[in-house]
Amino acid sequence: MYDDRETAQRILTESGDTWAVVGLSSNTSRAAYGVAAVLRRFGKRVVPVHPKAETVHGEQGYASLADIPFPVDVVDVFVNGALAGAVADEAVAIGAKAVWFQLDVIDEAAYERTRAAGLDMVMNRCPAIEIPQFPARS
């Protein structure tokens, strides 16, 4: 199931600490900004991915996933559901380990493609809500 709690836990505790947040900008009123702050509090490196390539939370932004010059572990997707599937495909292309679609972002075909490529994926969940529930692995 695409909103599986065990998969969410695995992504949060075992997939790695570099998270590309697609849709993250310096707009403090957007949900992505607050979620990124929570992920950072829990030790994640949050890399903004937005057409403006803004620096957010002190981290250099990039216009696309392909522009990031280092490995990304998890791609967290804060874009319209119609665009999310293409982002999941980009996550596969860059070698990410997991994809996370935020609340109300569901694309079952993208889920099937991403899982078939060997990545963990959850949809319709929020890592900021989930992460406090799971102890970090050491």
*Has the range 69-89 got any residue that is touching a Gly at 6+ places or on another chain (Cβ under 9 Å) and small (Gly, Ala, Ser)?*
no
*So, of the residues in the range 40-66 that are part of a loop (DSSP other than H, G, I, E, B) and of a type in the set (A, V, I, L, M, F, W, C), which turns out to be modelled with the highest pLDDT?*
Ala63
*Say we look at the range 40-55 and pick out the residues that are β-branched (Val, Ile, Thr) and under 19 Å from Glu90 (Cβ atoms); which of these is surrounded by the fewest Cβ atoms within 10 Å (Cβ to Cβ)?*
Val46
*In the list Ala37, Ala20, which residue meets the criterion of being surrounded by 14 or more Cβ atoms within 10 Å (Cβ to Cβ) and in a helix (DSSP H, G or I)?*
Ala37
*Cβ-Cβ under 6 Å pairs, at least 6 apart or on other chains, the range 1-23 side more than 16 Å from Thr114 (Cα to Cα), far side among the aromatic types (Phe, Trp, Tyr)*: Gln9/Phe134; Leu12/Phe134; Thr13/Phe134; Gly23/Phe78
*What's the number of the condition Asp76 fails, among (1) of a type in the set (Asp, Glu); (2) in contact with a Lys or Arg (Cβ under 9 Å, 6 or more places away or on another chain); (3) in a strand (DSSP E or B)?*
(2)
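The values are calculated or read from the model by the stated rules, or taken from the named source; none is laboratory data. The model shown is predicted, which means the values in this text are computed figures rather than measured ones. All Cβ positions, glycine included, derive from the backbone under ideal geometry; neighbour counts span all protein chains shown.
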